[in-house]
1. Could you tell me the accessible area of M224 in Å² (1.4 Å probe, neighbours in place), rounded to the nearest ten?
2. Given a 1.4 Å probe and the protein chains all in place, what does the accessible area of R398 round to, in Å² to the nearest 10?
3. Could you tell me which residue out of F212, V66, G348 lies farthest along the dipole of the chain toward its positive end? Charges go on the beta carbon: Lys and Arg +1, Asp and Glu -1, centred on the Cα centre.
4. How about the stretch 117-189: which GluC sites (Glu not before Pro) there are in a DSSP loop, with at most 12 other Cβ atoms within 10 Å of their Cβ?
5. Can you give me the convex hull volume of the Cα atoms of the stretch 1-153, divided per residue and expressed in Å³?
6. Test of understanding: in a Gaussian network model of the chain with alpha carbons linked when under 10 Å, which of R369, R62, R153 would top the mean-square fluctuation ranking?
7. Leaving out ligands, DNA and RNA, and with a 1.4 Å probe, what % of the accessible surface on the stretch 74-188 is carbon or sulfur?
8. Taking all protein chains as present, what is the carbon and sulfur share of the accessible area of the stretch 204-316, in % to the nearest whole number, probe 1.4 Å?
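The values are calculated or read from the model by the stated rules, or taken from the named source; none is laboratory data. Bear in mind that the values here come from a model prediction, so they are computed numbers and not experimental data. Note that each Cβ is placed from the backbone with ideal geometry, even for glycine, and that neighbours are counted across all protein chains shown. Quick note on the areas: whole protein, heavy atoms, side chains included, nothing else; ligands and nucleic acids left out. Shrake-Rupley method; radii C 1.70, N 1.55, O 1.52, S 1.80 Å.
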Amino acid sequence: MIDRLRKDVLNLGEIGRQVTGGISRPSLSEYDVEARKYVLKTFREAGLRVFTDAAGNMIGVRSGEVESPIVTTGSHIDSVWNGGMFDGVLGVMGGLEAIRMFNDDGVRTKLPIALIVFTDEEGAFSSLTGSSYFAGVLERQALYDLKNKYDGRRFGEGVTRIPREGYMERFTRPIRAHVELHIEQGPVLEANRVDIGVVTGIVGIRWLNISFKGRQSHAGATPMNMRRDPAIPLARTTLKIREIALKHGDMVGTTGHITLFPNVANVIPGEASLVADIRSLEAADLEDAVGRVVRSAKIYAKRENVDLEYSIPQKTEPVNCSPLVIHTISKVVEELGYSYMQLPSRAGHDTQNMAKLTGEVGMVFVPSRGGVSHAPEEWTEWEQAHRGVEVLRKTLIRLANQ
Ligand code: HGY
Ligand code: MN
Ligand code: MN
């Protein structure tokens with residue numbers, strides 16, 4: 001019901017809320033621990049058998065007539081800094097609401113249904129961290145050695161602070177299909193006045209970390225022709241990222257993270273670093289774009305006589321959603337009488353990793369007001385959110401009874 005969903009989303013929205021109105025709830029933070037406890041309580045109340053793996057992914061299993069394979073759904077409860085209330089949370093609490101509606105209606109499914117809360121979707125440590133471990137593409141030691149970008153602490157230390165009910169190293173049940181409910185986070189559904197987005201594919205993402213190292217010195221006394229200022233090639237590179245993105249069809253390129261050291265007005269910085277986020281549905285275009293940015297950055301660095309280092313801390317491949325799941329979601333939406341359109345996801349999602357465990361993946365989108373997300377203004381009307389839950393509920397029953 002809409003009231004239960006609203007209560008859960010609003011309650012979680014208070015955990016980690018800042019004076020700005022935004023939510024800052026990175027994975028393994030004290031707020032994440034509080035949010036996990038809230039979610040675990042709702043899982044137990046819904047009669048789910050709860051497991052927690054070495055990455056802190058929480059898996060709530062609703063029994064079916066048989067033990068395996070299972071149908072999964074889920075998303076994340078961690079947020080970006082100063083983010084919104086619906087990103088990820090709608091997929092978790094919406095999935096829970098679908099399960100509570102199964103309970104209310106006495107629904108039995110052939111296959112079990114599991115609701116998963118993935119750790120660190122937003123990248124406090126890596127990105128899609130928990131689902132990378134869940135899908136077996138990130139080993140435990142590498143995971144535990146990851147450093148938190150906010151406080152530098154190791155994942156292996158932080159994960160000891162979260163509740164770990166039903167602990168198991170790895171959850172390894174064969175998966176029949178996976179469906180994630182999520183807000184669109186863009187303007188397309190609202191602009192087309194459509195209730196539901198049936199996702200056709202999810203963009204690939206590259207994070208490109210470039211560090212320029214020059215010579216820190218006095219901003220006044222150092223003549224312009226005697227400087228080695230790393231901020232100059234950094235600035236030129238951010239413009240190059242946008243230029244390259246604009247040249248590649250659907251590609252987007254963002255420089256959302258810049259640091260200067262020592263970041264003081266009367267000091268020429270010694271170091272200037274950026275992290276670029278480049279996305280496309282075409283893997284080849286992503287490789288081409290990253291290569292072009294690095295080559296240009298090297299030219300800019302040489303021109304200013306500064307050194308350059310770079311790394312690619314995130315490399316997520318584009319994923320196509322499966323015809324079976326797309327068809328199932330579309331049929332359910334038609335039967336419910338909602339309007340819908342097919343569209344790609346410009347945001348990354350844990351579903352990209354679940355595609356490594358099953359070929360049958362899909363996503364259900366609901367509109368984002370003004371196309372805004374990753375910001376305090378993120379909003380979806382409760383009726384819209386609940387339509388997404390209805391679509392998810394019926395889709396899960398179809399997939400779990402095939
Ligand atoms: O960055 C993304 O696309 C996702 O919100 N983590
Ligand atoms: Mn997000
Ligand atoms: Mn998300």
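1. Result for M224: roughly 150 Å² accessible.
2. Taking all protein chains as shown, R398 has close to 90 Å².
3. F212
4. Working: sites: E121, E122, E139, E157, E165, E169, E180, E184; in loops: E121, E122, E139, E165, E169, E184.
Passing both the DSSP loop test and the Cβ count: E139, E169.
5. Working: hull volume 14.8 nm³, N = 153.
Hull volume normalised by residue count: 97 Å³.
6. Highest fluctuation among the options: R153.
7. On the way: 1960 of 3740 Å².
The C+S portion of the solvent-accessible surface of the stretch 74-188 is 52 percent.
8. On the way: 3230 of 6020 Å².
Whole-percent figure for carbon plus sulfur exposure: 54.
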